[in-house]
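S.K.: Handing you this structure, nothing more for now.
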Amino acid sequence: MQRRGLAMGLLASLLAIVYLDRIERMSLTSELIFYRRRRTFMSTAVAATNRSRVLAIYKEILRLGKNWVAKDADRTLIERKDIVNEAKQTFRDNKEVKDPKQIAELILEAEKRIVQAEHYGIPILQTSTPPTSNTVSSHEGRETERSSGVRSTHFNPIAVVFARRYFAGSSISEDILSDIVKLCSTNAQFYTDFVSTVLCSNILEQYPVRKSYRRNLLKQLIDLLDRCGIEILDELYTACASCMLDSAEYSFRIFLTQNLDKVLVVLRESNQQLCYGTTGLSLWQASCDLANFLCCFTNMLNKSVLELGAGCGLTGIAIARNFSGCSVTLSDYDPKVLSQLDFNVGENMDKACSQIKVLNLDWTTFSMDQLDKIPDVVIAADVVYDCSILPALCGVLRMCLSAKQGCCAYVASTLRDPLTLKAFRDKLDENGLRVNDEMRYQYGAFTFNDGSKIKSTSLFPHSSTLDAPTIIFEVVTKIGPD
């Protein structure tokens, strides 16, 4: 994929990491300003390996910057100016950073931004904060966004990871549990805030996570706290007792924004993965990983998006919550799945959310006339699992992608059977389609075709008993539109 684009703020992030005490602006290319180091030093707490990574990334930024071209040629000069302005401001905000953990986080963020620039030409940082635009939806939305109620002032990165996974009903390692107990033993204010706004959060009354999950986790924490001689707060006992009976048909997963202060997406799912003869009532790994990828590495602003086999609707809803001005259509076929889709869309609509519609779509009888708009992007997660459905799926992809110049599809699948994925590629080829790019997500990192690898802590964590990567295909037509 053509390398063009430098994410805004990328230069500033690295300047903060290198920890310059003085900077001097220099004009190295027209319309693009770089900074020359006059005197540089690194904090003794920063490892030499981090310094090497910083310098390597810095060199890469300079190389990319010299070739900066906006996707819209008329915006090239504007975006160059924006890059410089944000670089100056971000440097001011971060020039005092000394903490090794923060420096490491800045390095990871910079690497992520390079991938955004190299692969997707995105001139802005994609955020997890819902857009501020107001678009009309078929669902009546709330007036305001939902606060999570989490008081994270005293949270370190471990506590943030715990909170994000806890609300999402995702597994939490014993190491993280031990670190949380240590924090509770050394910081009384953290302990109080953590129990009241995370473990016993009021939002869990409205959107309860699976009771068996919460009960087991709270019992582990209570046991660890007791062993360390920490007084168990009454709220913990009450919360644990409330989870003893687990006969509910449905539970919820709550995904929070980057700083944990707001609810990004909330989903209802069946407590049985295979229920009523369909898998669409439960959330699956590929949906979470595709949502993470699209929100981090693509730009869906003002796009028309069609999701095939939407299931619980996470990926499409996440796009509508992250990108303003887009129109998202969530499609499926099973009546119970469509009913749950409608419920989940209703729970996530507010005045800041882009337009979302739910559509009953049968791939075997699909016609473009069923769509209000020709999609710019088609997405699908965990639909490549049965070879018998591949002809219909690829037929729908062919009709959609050939209807508009530049249309593409992102299809995500957990790697269960390599032969099924090969059959998918073969069927794409038969339909005049090809895989333009391929990404892999596993162990908290994306690996791209060129071998580059970038860590990306997902806003949509998910636990799976299957230790397998998610493969994300970018699919395009071999030829232009019909």
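S.K.: Given the options Leu428, Leu401, Leu419, name the one that is among the hydrophobic types (A, V, I, L, M, F, W, C) and either over 29 Å from Asn302 (Cα atoms) or exposed (fewer than 15 other Cβ atoms within 10 Å of the Cβ) (or both). Talk me through it step by step, then tell me what you get.
M.R.: Working: Leu428 fails: either over 29 Å from Asn302 (Cα atoms) or exposed (fewer than 15 other Cβ atoms within 10 Å of the Cβ) (or both); Leu401 fails: either over 29 Å from Asn302 (Cα atoms) or exposed (fewer than 15 other Cβ atoms within 10 Å of the Cβ) (or both).
It is Leu419.
S.K.: Test Asp350 against the stated conditions and say whether it is surrounded by fewer than 21 Cβ atoms within 10 Å (Cβ to Cβ), in contact with a Gly (Cβ under 6 Å, 6 or more places away or on another chain) and closer than 18 Å to Ile319 by Cβ.
M.R.: Details: surrounded by fewer than 21 Cβ atoms within 10 Å (Cβ to Cβ): yes; in contact with a Gly (Cβ under 6 Å, 6 or more places away or on another chain): yes; closer than 18 Å to Ile319 by Cβ: yes.
When the stated conditions are applied, Asp350 passes them.
S.K.: Residues Asp223, Asp246: which one is outside the structural domain of Pro461 (by TED's automatic domain parsing) and at pLDDT 95 or above?
M.R.: Numbers: Asp246 fails: at pLDDT 95 or above.
One residue alone meets the criteria, Asp223.
S.K.: Given the conditions (1) in a strand (DSSP E or B); (2) crowded, with 23+ Cβ neighbours inside 10 Å; (3) not hydrophobic (A, V, I, L, M, F, W, C), report the number of the one that Gly316 does not fulfil.
M.R.: (1)
S.K.: Let me ask you something else. Which one of these does Phe366 not meet: (1) over 30 Å from Gly149 (Cβ atoms); (2) in contact (Cβ under 8 Å) with a residue 60 or more places away in the chain?
M.R.: Among (1) over 30 Å from Gly149 (Cβ atoms); (2) in contact (Cβ under 8 Å) with a residue 60 or more places away in the chain, the lone unmet condition for Phe366 is (2).
S.K.: Here is a further query. What is the residue count in the stretch 178-210 for residues that are assigned to a loop (DSSP other than H, G, I, E, B), under 28 Å from the mean Cα position of the chain (by Cα) and not β-branched (Val, Ile, Thr)? Before the answer, list the steps.
M.R.: In the first step, residues of the stretch 178-210 are kept if they are assigned to a loop (DSSP other than H, G, I, E, B); the result is 187, 200-202, 207-210.
Now drop any that are not under 28 Å from the mean Cα position of the chain (by Cα), which leaves 200-202, 207-210.
Retained after the next criterion (residues that are not β-branched (Val, Ile, Thr)): 200-202, 207-208, 210.
Qualifying residue count for the region: 6.
S.K.: Would it be correct to say that Val345 is surrounded by fewer than 21 Cβ atoms within 10 Å (Cβ to Cβ), in contact with a Lys or Arg (Cβ under 9 Å, 6 or more places away or on another chain) and of a type in the set (A, V, I, L, M)? Write out each step before concluding.
M.R.: Details: surrounded by fewer than 21 Cβ atoms within 10 Å (Cβ to Cβ): no; in contact with a Lys or Arg (Cβ under 9 Å, 6 or more places away or on another chain): yes; of a type in the set (A, V, I, L, M): yes.
Spelling it out, it is not the case that Val345 is surrounded by fewer than 21 Cβ atoms within 10 Å (Cβ to Cβ), in contact with a Lys or Arg (Cβ under 9 Å, 6 or more places away or on another chain) and of a type in the set (A, V, I, L, M).
S.K.: Can I ask one more? How about the stretch 243-267: which of its residues are outside any loop (DSSP other than H, G, I, E, B), in contact (Cβ under 8 Å) with a residue 24 or more places away in the chain and either among the charged types (D, E, K, R) or touching a Lys or Arg at 6+ places or on another chain (Cβ under 9 Å) (or both)?
M.R.: Result: Ser251, Phe252, Arg253, Phe255, Leu256, Lys262, Val263, Leu264, Val265, Val266, Leu267.
S.K.: List the residue pairs whose Cβ atoms are under 6 Å apart, where the first residue sits in the stretch 323-338 and is assigned by TED's automatic domain parsing to the domain that holds Cys353 and charged (D, E, K, R), the second is modelled with pLDDT under 90 and surrounded by fewer than 19 Cβ atoms within 10 Å (Cβ to Cβ), and the two are 6 or more positions apart or on different chains.
M.R.: Short answer, once both residue conditions are applied: Asp334/Thr278; Lys336/Tyr276.
S.K.: Going by the conditions given, is Ser185 within 19 Å of Phe155 (Cα to Cα), in contact (Cβ under 8 Å) with a residue 40 or more places away in the chain, surrounded by 19 or more Cβ atoms within 10 Å (Cβ to Cβ) and not aliphatic (A, V, I, L, M)? Explain how you work it out, then say what you get.
M.R.: Details: within 19 Å of Phe155 (Cα to Cα): yes; in contact (Cβ under 8 Å) with a residue 40 or more places away in the chain: yes; surrounded by 19 or more Cβ atoms within 10 Å (Cβ to Cβ): no; not aliphatic (A, V, I, L, M): yes.
Against the criterion (within 19 Å of Phe155 (Cα to Cα), in contact (Cβ under 8 Å) with a residue 40 or more places away in the chain, surrounded by 19 or more Cβ atoms within 10 Å (Cβ to Cβ) and not aliphatic (A, V, I, L, M)), Ser185 does not qualify.
S.K.: Residue check: is Val396 under 24 Å from the mean Cα position of the chain (by Cα) and either β-branched (Val, Ile, Thr) or at pLDDT below 95 (or both)? Reasoning before the result, please.
M.R.: Details: under 24 Å from the mean Cα position of the chain (by Cα): no; either β-branched (Val, Ile, Thr) or at pLDDT below 95 (or both): yes.
Answer is no for this residue.
S.K.: Output the number of the condition that Ser173 fails; it satisfies all remaining conditions of (1) farther than 26 Å from Arg268 by Cβ; (2) under 22 Å from the mean Cα position of the chain (by Cα); (3) touching a residue at least 24 places away in the same chain (Cβ under 8 Å).
M.R.: The number of the failed condition is (3).
S.K.: Going by the structure shown, is Val195 crowded, with 19+ Cβ neighbours inside 10 Å and aliphatic (A, V, I, L, M)?
M.R.: Working: crowded, with 19+ Cβ neighbours inside 10 Å: yes; aliphatic (A, V, I, L, M): yes.
Yes, satisfied.
S.K.: Let me ask something else about it. Scanning for something within 26 Å of Ala423 (Cα to Cα) and not polar (S, T, N, Q), does the stretch 350-361 turn up at least one residue? If you could, list the steps in order and put the result at the bottom.
M.R.: We begin by selecting, within the stretch 350-361, every residue within 26 Å of Ala423 (Cα to Cα); these are 361.
If we keep only those that are not polar (S, T, N, Q) as well, we get 361.
Yes, the conditions are met somewhere in the stretch 350-361.
S.K.: Further, regarding this structure: For Cys312, indicate whether it is under 27 Å from Thr470 (Cα atoms), over 19 Å from the mean Cα position of the chain (by Cα) and not small (Gly, Ala, Ser).
M.R.: Details: under 27 Å from Thr470 (Cα atoms): yes; over 19 Å from the mean Cα position of the chain (by Cα): no; not small (Gly, Ala, Ser): yes.
So Cys312 fails the test.
The values are calculated or read from the model by the stated rules, or taken from the named source; none is laboratory data. Small disclaimer: the values here were computed from a predicted structure and weren't measured. Every residue, glycine as well, gets a Cβ built from its backbone with ideal geometry; the counts of neighbours run over all protein chains shown.
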